[in-house]
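Taking it in order: structure first as structure tokens, then the write-up.
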Amino acid sequence: MNAPEPPTADEALAHAAAAGIHVLAIPTPFAVGRVNCYLIEDEPLTLIDTGPNSGKSLDELELALAEHGRRIEDLELVVLTHQHMDHIGLLEILPRRSGATVAALELLGPYLADFPSSAIADDEFAQRVMRRHGIPADLATALGAMSAAFRAFGSGAAVTRPLQSGGELALRDRTFQVLHRPGHSPSDTIFWDPDRRMVIAGDHLLANISSNPLVSRPLEPGADGSRPHALVSYIESLLATRELPAELVLTGHGPPVTAHESLIDERLRLHRRRARKIRGLLDRGPLTAYEIAVELWGNVAVTQAYLTLSEVLGHLDVLVRDELARELSDEAVSRFAAA
């Protein structure tokens, strides 16, 4: 007997709306396109993620809320899935206008309390990573200047309702389980409703593109600033999410996911294929992560240098973990060689 076809994206969103969860697609200045925020008709009236800090995003958020008979001033709870600017940018404005409580993973609290300083620290960390792994100094400097120009799209606020992974976010009509899923960012958090078998997943799992595990500054108190192994963490997070008996995953960009197990399996196969390809390049001799990125993507490794560098470093970390590669470090630059 054939398994039933999964619902279409429109059917899935209609199912979510019937449960009181409405997608609000807000424009961003980033290549990924619109970000999905979610209005939850419950008590307290809840918004998941905010969109970036821009007049256009604020205007469209207000229009989207109005379509549901709501205003920013009606919001009572703002919940964040992770630290990226397209998800937190209006955080300074929305609670100030509404008086809403701000809920986020406790780990994210200090980051959001002083967003400008956090963003500067992120850029300084990224500079060290780029130079360590072979990106030329002039290109790293140019990318740093570009990143600094984008900081205005983010903002911060006090997290007044810190959340614990494994804990609960209880509303009147539903209770979400709060699950930390690091990888795409250190703070990625998903919200699992076991009664409705729905997950609000932010950028942890996207239908049409593979979430890039960005090499990010560690947020844990007392972290030594060393480079985290983002893809290794992300794979562990995907495997944990695969075990959830979810029927619907509401994503941070694009359409919802209605068959998360098969999609996660596809993502894991993609990472295995890319790791094998990178392992093959190492047979030629030691290479920096940037040299590998240029070999794989050409000019894209220049225009999107940190994105592609993160991708390569993630797969190199997997190869080192599996004893198929080793890192050779000198005082200035790290290279990787076949084990």
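General remarks:
- Within a Gaussian network of the chain (alpha carbon springs, distance under 10 Å), most fluctuating of ARG284, ARG273, ARG181: ARG284
- Taking a point 7 Å out from the Cα of ARG97 in the direction of its Cβ, the residues of the range 9-41 whose backbone N falls within less than 19 Å of it are 22-29, 35-41.
- Rolling a 1.4 Å probe over the protein chains gives VAL318 an accessible area of about 20 Å².
- In the range 26-170, the ratio of gyration radius to Kirkwood radius, Rg to Rh, stands at 1.02 when only Cα atoms are counted.
- FRET E, pair VAL32, ALA66, Förster distance 22 Å, beta-carbon r, rounded to 0.05: 0.30
- Comparing SER185, SER233, SER117 in a Gaussian network model of the chain where C-alpha atoms under 10 Å apart are linked, the largest mean-square fluctuation is found at SER117.
- Multiplying the residue separation of ARG128 and GLU76 by 0.36 nm and subtracting their alpha-carbon distance yields 14.7 nm.
- Segments 76-82, 101-107 sorted - mean Cβ within 10 Å per residue, highest first: 76-82, 101-107
- Distance (nanometres) between label positions extended 7 Å along Cα→Cβ at ALA207 and ARG161: 2.8
- FRET efficiency, ASP195 to GLU266 (Cβ-Cβ, R0 30 Å, nearest 0.05): 0.60
- Using θ = phi - 60° in the Karplus curve 6.51 cos²θ - 1.76 cosθ + 1.60, the 3J(HN,Hα) couplings for the range 171-179 round to 10, 5, 9, 7, 10, 8, 8, 8, 10 Hz; x is entered for Gly and Pro.
- With a cut-off of 14 Å between beta carbons, the residues surrounding GLN177 carry a summed charge of 0, where Lys and Arg count +1 and Asp and Glu -1.
- Geometric descriptor of the chain, per residue, is 141 Å³ (volume of the convex hull of the Cα atoms).
- HIS180 contributes about 50 Å² of solvent-accessible surface, heavy atoms of the protein only, 1.4 Å probe.
- Averaged per residue, the range 45-169 has 41 square angstrom of accessible surface, using a 1.4 angstrom probe with ligands and nucleic acids left out.
- Surface composition of the range 214-326: carbon and sulfur atoms hold 51% of the protein heavy-atom accessible area at a 1.4 Å probe.
- For LEU205, the amide hydrogen comes within under 5 Å of the amide hydrogens of GLY252, counting only partners 5 or more places away or on other chains and with H modelled in the peptide plane.
- Net +/- balance of residues flanking PRO95 in space, Cβ distance below 12 Å, scoring K and R +1, D and E -1: 0
- Among the trypsin sites (Lys or Arg not before Pro) in the range 1-103, those placed in a DSSP loop whose Cβ has at most 14 other Cβ atoms within 10 Å are ARG71.
- Long-range amide H partners of ALA325 with built H, under 5 Å: VAL320, ALA339
- Exposure check, 1.4 Å probe, all protein chains in place: GLU261 carries approximately 90 Å² of accessible surface.
- Computed over neighbours whose Cβ is under 15 Å from that of ALA9, the net charge equals -3, Lys and Arg +1, Asp and Glu -1.
- Solvent exposure of the range 173-271 amounts to 36 Å² per residue of accessible area, where only protein heavy atoms count and the probe is 1.4 Å.
- Cβ-derived FRET efficiency at R0 30 Å, LYS56 paired with ASN299, nearest 0.05: 0.50
- Protein accessible area in the range 79-207, 1.4 Å probe - carbon and sulfur %: 54
- Cα gyration tensor, the range 139-279 - rounded (a/c under 1.5), prolate or oblate: oblate
- Taking amide H as placed 1.01 Å from N in the peptide plane, the amide H of LEU24 sits under 5 Å from that of CYS37, TYR38, LEU39, each at least 5 places away or on another chain.
- Phi-based couplings in Hz for the range 77-92 (Karplus 6.51, -1.76, 1.60; Gly and Pro marked x): 8, 10, 10, 10, 8, 5, 8, 6, 4, 5, 10, 10, x, 8, 5, 5
The values are calculated or read from the model by the stated rules, or taken from the named source; none is laboratory data. Predicted model only: the values in this text are computed from it and were never measured. Note that we place each Cβ from the backbone using ideal geometry, even for glycine, and neighbour counts take in every protein chain shown. Areas reflect the complete protein model, heavy atoms only, side chains present, ligands, DNA and RNA absent. Shrake-Rupley method; radii C 1.70, N 1.55, O 1.52, S 1.80 Å.
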